[in-house]
Amino acid sequence: MLERSAAFAGDGLLFVEGDIATFGEGERFDVVFSNAALQWLPDHEQLIPRVAGLVAPGGQLAFQVPANADHPSHLLAHEVAGEEPFRLALGGYVREWPVLPPERYAELMDGLGFERLTVRLQVYCHRLASTAEVVEWVRGTLLTDYASRMEGRLFDRYMARYRARLLESLGERAPYLYTFKRILAAGRAPLTA
């Protein structure tokens, strides 16, 4: 992605690789933007003020995080992780969900002096060919965390169990409307720091 983005660099715009947890310490930027990345970091009560501190006076902060933790696709992923033999292999690990309610992001940003706040919960409607496609969707997102913590054959067993539980919960439908919630937040930093 960074290689492809180089074609768009110039006129004060550059792309660099960094760790979100430590990125930009001591720097200020006119725009700080994150798309579906902050949910991988813990403690948003502390994270959002730190990220907001990267915004220069008068600059803009905009971020988007998934908010689908209450959908069966996510709830069942964690339930299956709590079943044996997966629980043992994961050492009891179950992915914590750090995403806050939308109103809390509004309160945090307002408390930091951000203006022109827009914070909303958006439901995206993804028409999938069938409920089975939800499995592959989640496999490429939330389940990557579990995949990285289990050896291949065990993760294959996890996926088979997850698929069975999810299809039992959702039913086998074709097509299937996968409603996926996201929180979108944006605001302008005060002109004086």
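The values are calculated or read from the model by the stated rules, or taken from the named source; none is laboratory data. Note that this is a predicted model, so its numbers are computed, not measured. In this analysis, Cβ positions are derived from the backbone assuming ideal geometry, glycine residues included, and neighbour counts consider all displayed protein chains.
Brief remarks follow.
- Whichever residue in segment 156-177 is in a helix (DSSP H, G or I) and touching a Ser or Thr at 6+ places or on another chain (Cβ under 7 Å) and, among such residues, is nearest to Val80 (Cα to Cα): Leu166
- Residues (assigned to a loop (DSSP other than H, G, I, E, B), more than 14 Å from the chain's Cα centre (by Cα) and not charged (D, E, K, R)) located in segment 22-57: Thr22, Phe23, Gly24, Gly26, Gly53, Leu54
- Any hit, segment 77-91, residues being surrounded by 12 or more Cβ atoms within 10 Å (Cβ to Cβ) and within 19 Å of Arg182 (Cα to Cα): yes
- Residues being more than 17 Å from the chain's Cα centre (by Cα) and not hydrophobic (A, V, I, L, M, F, W, C) - total across segment 104-125: 7
- Boolean, Glu168 is over 25 Å from Gln39 (Cβ atoms) and at pLDDT below 95: no
- Of the listed requirements (1) touching a helix residue (DSSP H, G or I) at 6+ places or on another chain (Cβ under 9 Å); (2) of a type outside the set (Phe, Trp, Tyr); (3) more than 20 Å from Arg139 (Cβ to Cβ), Pro102 misses just one: (1).
- Residues that are under 16 Å from Ala160 (Cβ atoms) and either aliphatic (A, V, I, L, M) or in contact with a Phe, Trp or Tyr (Cβ under 7 Å, 6 or more places away or on another chain) (or both), drawn from segment 73-97: Leu76, Ala77, Val80, Ala81, Phe86, Ala89
- Just one residue in the set Gln60, Gln64, Gln46 is of a type in the set (S, T, N, Q), at pLDDT 95 or above and within 20 Å of Asp145 (Cβ to Cβ); that residue is Gln64.
- Just one of the listed residues (Val32, Val16) is surrounded by 13 or more Cβ atoms within 10 Å (Cβ to Cβ) and hydrophobic (A, V, I, L, M, F, W, C), namely Val32.
- Of the residues Arg120, Arg116, Arg157, Arg161, the single one that is on the phi > 0 side of the Ramachandran plot and touching a residue at least 24 places away in the same chain (Cβ under 8 Å) is Arg116.
- Breaking point among (1) modelled with pLDDT of 95 or more; (2) under 30 Å from Arg163 (Cα atoms); (3) touching an Asp or Glu at 6+ places or on another chain (Cβ under 7 Å), for Val123: (3)
- The set of residues in segment 92-103 that are among the small types (Gly, Ala, Ser) and at pLDDT 95 or above is empty.
- Only residues that are exposed (fewer than 15 other Cβ atoms within 10 Å of the Cβ), in a loop (DSSP other than H, G, I, E, B) and touching a strand residue (DSSP E or B) at 6+ places or on another chain (Cβ under 7 Å) were counted in segment 112-155, giving 1.
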